[in-house]
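The values are calculated or read from the model by the stated rules, or taken from the named source; none is laboratory data. Everything numeric here is computed off the predicted structure, so don't read it as measured data. Every residue, glycine as well, gets a Cβ built from its backbone with ideal geometry; the counts of neighbours run over all protein chains shown.
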Amino acid sequence: MKVSIVGITGYSGLELVRILHNHPKVELVSIHATKDLGKKLSDLYPYLLGICDLMIEAFDAAAIMQQSDLVFLATPSGVAKDLSRDFVTVGFPVIDLSGDHRLPAKSYEKWYGKSAASQSILDQFVYGLSEFTPVKGKKFIANPGCYATATSLALAPLLQEDIINPDSIIVDAKSGLTGAGKALSESSHFVNVHDNYVTYKLNRHQHIPEIVQQLKIFNDQLNYIQFSTSLLPVNRGIMATCYAKIKDGVEMNQIEAAFEKIYDKKPFVRIQKELPELHNVIGSNFTDIGFAYNPVTQIVTVIAVIDNLVKGAAGQAVQNLNLMMGWPETEGFIMAPNYL
């Protein structure tokens, strides 16, 4: 299968190159951006020498469709919605890694502060949380956000098995700096991030409606969550620490059974005996989950960790490609986590 990547010089675009290089069924045939046109990607990023020596091209939907079978949109939010139109109208497959096709138009405009794609385009996209969304044979996939992926996977068993009070959920989520993208800003300046810990977008992070939208599918009694986000002084990783009130009569063995049941045949979700750490997933498509129950407060704490650029972006996009095409879910994922 031949594919193209639009937004190649962003973190997610570069991770797509790394992952697709190991995929036996995929050939990357063109890469596109708005800058560094005409330059080889490996000249800009020497670590890709011999891995991707393609020339960076300007975006051209017609040219992409002529030489490829699918396009990955790894552009910032607010860009993908305009680029997707030409592909969707003729039925050309798209996997969008941005937030532009995850929400209904009104919700997107409220939380992202940008004009949305037309509802007719949005209706064509499937929200692809890989462990739960049947995407086989679909043509248009909205890849979930990094915070949304970690939080949804952490809470799914508790909600699906009706173990917790759905409106008692509090999530304290932390991200490495790459989660903010490559654009320079005061908040991402080394001096402000190094040896620091900063909470941002409290009660207004754009992933909140996306998370609620997915969690309501797991349990329609859920109406809201309390959600906070903070920056960790590390390059990569998401840690979502989730708290919820257990329903009366629930025992620890029922919590354990719920996670074992839901993730029994999910190759990229690992239930850890100890509380998970970022080092155990960085560079991989794994989600590690651990939990503990306090019988005094009746609070269960669930911690999920992912690499925000892999399972939270490019890795899940390739996982969705595999599922979309009916290939083995793990096809092309030969990398172990970069523990050191």
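Structural remarks
- Where strands (runs of 3 or more DSSP E) sit wholly within segment 185-276, those with at least 2 residues that are without any contact (Cβ under 8 Å) to a residue 40 or more places away in the chain and either at positive phi or surrounded by 14 or more Cβ atoms within 10 Å (Cβ to Cβ) (or both) occupy 269-271.
- Flag for residue 137 being of a type outside the set (A, V, I, L, M, F, W, C), without any contact (Cβ under 8 Å) to a residue 12 or more places away in the chain, more than 15 Å from residue 16 (Cβ to Cβ) and not in a helix (DSSP H, G or I): no
- With respect to the conditions (1) polar (S, T, N, Q); (2) modelled with pLDDT of 95 or more; (3) under 20 Å from residue 79 (Cβ atoms), residue 185 lacks only one, and its number is (2).
- Scan of segment 62-75 for residues that are over 10 Å from residue 4 (Cβ atoms) and within 25 Å of the chain's Cα centre (by Cα), ordered by number: 74, 75
- Hey, residue 130 assigned by TED's automatic domain parsing to the domain that holds residue 36 and either touching a residue at least 40 places away in the same chain (Cβ under 8 Å) or of a type outside the set (A, V, I, L, M) (or both) or not: no
- For segment 309-332, filtered to residues that are touching a Phe, Trp or Tyr at 6+ places or on another chain (Cβ under 8 Å) and outside any helix (DSSP H, G or I), the residue that is surrounded by the most Cβ atoms within 10 Å (Cβ to Cβ) is 309.
- Checking each residue in segment 284-296 for being touching a Lys or Arg at 6+ places or on another chain (Cβ under 8 Å) and assigned to a loop (DSSP other than H, G, I, E, B) picks out 284, 285, 286.
- Flag if residue 312 is within 26 Å of residue 70 (Cβ to Cβ) and within 16 Å of the chain's Cα centre (by Cα): yes
- Selection status of residue 30, crowded, with 20+ Cβ neighbours inside 10 Å and free of Cβ contacts under 8 Å to residues at least 40 places away in the same chain: yes
- If you go through segment 54-103 and pick out every residue that is in contact with a Lys or Arg (Cβ under 7 Å, 6 or more places away or on another chain), over 21 Å from residue 318 (Cβ atoms) and assigned to a loop (DSSP other than H, G, I, E, B), you end up with 2.
- All positions within segment 118-139 that are modelled with pLDDT of 95 or more and not hydrophobic (A, V, I, L, M, F, W, C): 123, 124, 127, 128, 130, 131, 133, 134, 136, 137, 138, 139
- Taken over segment 104-134, the criterion of being of a type in the set (A, V, I, L, M, F, W, C), outside any loop (DSSP other than H, G, I, E, B) and in contact with a Ser or Thr (Cβ under 8 Å, 6 or more places away or on another chain) is satisfied by 105, 121, 126.
- Among the residues of segment 277-302, those identified as crowded, with 21+ Cβ neighbours inside 10 Å and under 19 Å from residue 233 (Cα atoms) are 281, 282.
- Residue satisfying all of: in segment 199-230; in contact with a Ser or Thr (Cβ under 6 Å, 6 or more places away or on another chain) and aliphatic (A, V, I, L, M); nearest to residue 144 (Cα to Cα) among these: 211
- Residue 63 hydrophobic (A, V, I, L, M, F, W, C), within 26 Å of residue 141 (Cα to Cα) and surrounded by 14 or more Cβ atoms within 10 Å (Cβ to Cβ): yes
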